[in-house]
1. Under 30 Å between alpha carbons: how many lysine pairs meet that in the range 117-209, if sequence neighbours fewer than 8 apart on the same chain are excluded?
2. Which semi-axes, in whole Å and largest first, does the equivalent ellipsoid of the range 1-91 have when worked out from the alpha carbon gyration tensor as the square roots of 5 times its eigenvalues?
3. Rg and Dmax in Å for the range 52-166, alpha carbons only: what are they?
4. Quick one: length gained pulling His95 to Asp161 fully straight, 0.36 nm per residue minus the C-alpha distance?
5. Computing the accessible area with a 1.4 Å probe over protein heavy atoms, can you report the carbon and sulfur percentage for the chain?
6. Looking at (1) 35, 24, 14; (2) 30, 19, 15; (3) 40, 20, 14, which value of semi-axes √(5λ) of the Cα gyration tensor in Å comes from a calculation on the structure shown?
7. With θ set to phi - 60° and the Karplus curve 6.51 cos²θ - 1.76 cosθ + 1.60, what are the ³J(HN,Hα) couplings of the range 70-84 in order, to the nearest whole Hz, using x for Gly and Pro?
8. Note the angle between two axes, namely the Cα long axis of helix 37-46 and the longest principal axis of the Cα atoms of the chain, as a number of degrees from 0 to 90, rounded to the nearest 10.
Amino acid sequence: MMLDLSKLDFTKGNGLVTVVTQDAHSGDLLMVAHADREALEKTLETGEMYYRSRSRGLWHKGGTSGNVQRVVSLTADCDGDAVLARVEKAGPACHTGAETCFDIGPVDALVELDRTIAQRAAKAPEPGEKPSYTRRLLDDRNLRLKKIGEEAVELVTACADGDKERAVEEAADVLYHLLVAVRPLGVTLDDVKAVLARRAGRTVAPAKK
């Protein structure tokens, strides 16, 4: 994470450098902003992203909304007038509530699925309300483990039969039931991605609980 501020060229941008912020786990481009020396000093000091805004001055990302960005790494570009910030985000990056500041639609369907499962886990049904299928799985350990086995067998069968269309459907079912099964353990999609990234030779910090 250490960034040598003395090697940055703040003069080109009248005291500012461009900051490109990227999700450290998914690789999604979250936002582009600016930072001055003070903002980057605060970022290094706290481990959370600070920017310099024309309208709000020194700006702690998520300081009001709670959607903070925890720093994984800060890397200067070859000219020293831009910084790549790889972060773990606690919520949407855009002030509109969108995941990113770029209108490119859902970036990762698995991310959306994991978020939905988290919402179901955090909110119990109201009295008299019929629980969703996800909620039923979360509340019944034996059921959710049984379903993983059943879906895995169906996927194996589809693959053995050479049925591509059915294999895709069954693979989606397995992924869904897998994410539900690990949620009660406090395991998220980001945790799984971090392991895969390390195995692929990338250095990614594990998601904070």
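1. 19
2. On the way: eigenvalues 72, 45, 26 Å².
Three semi-axes, in Å: 19, 15, 11.
3. Cα-based Rg and Dmax for the range 52-166 come out at 21.2, 62 Å.
4. Working: separation 66, 0.36 × 66 = 23.76 nm, distance 4.82 nm.
Full-extension gain reported as 18.9 nm.
5. Working: 6530 of 12090 Å².
Of all accessible area on the chain, carbon and sulfur atoms account for 54 percent.
6. It is the value labelled (3).
7. 7, 6, 9, 7, 10, 10, 7, 7, 5, 8, x, 10, 8, 10, 8
8. Relative to the chain, helix 37-46 is tipped by roughly 40 degrees.
The values are calculated or read from the model by the stated rules, or taken from the named source; none is laboratory data. These numbers come from a predicted model, not from an experiment. As a convention, Cβ positions derive from the backbone with ideal geometry for all residues, glycine included, and neighbour counts pool all protein chains shown. The area values use the complete protein model at the heavy-atom level, side chains included, leaving out ligands, DNA and RNA. Shrake-Rupley method; radii C 1.70, N 1.55, O 1.52, S 1.80 Å.
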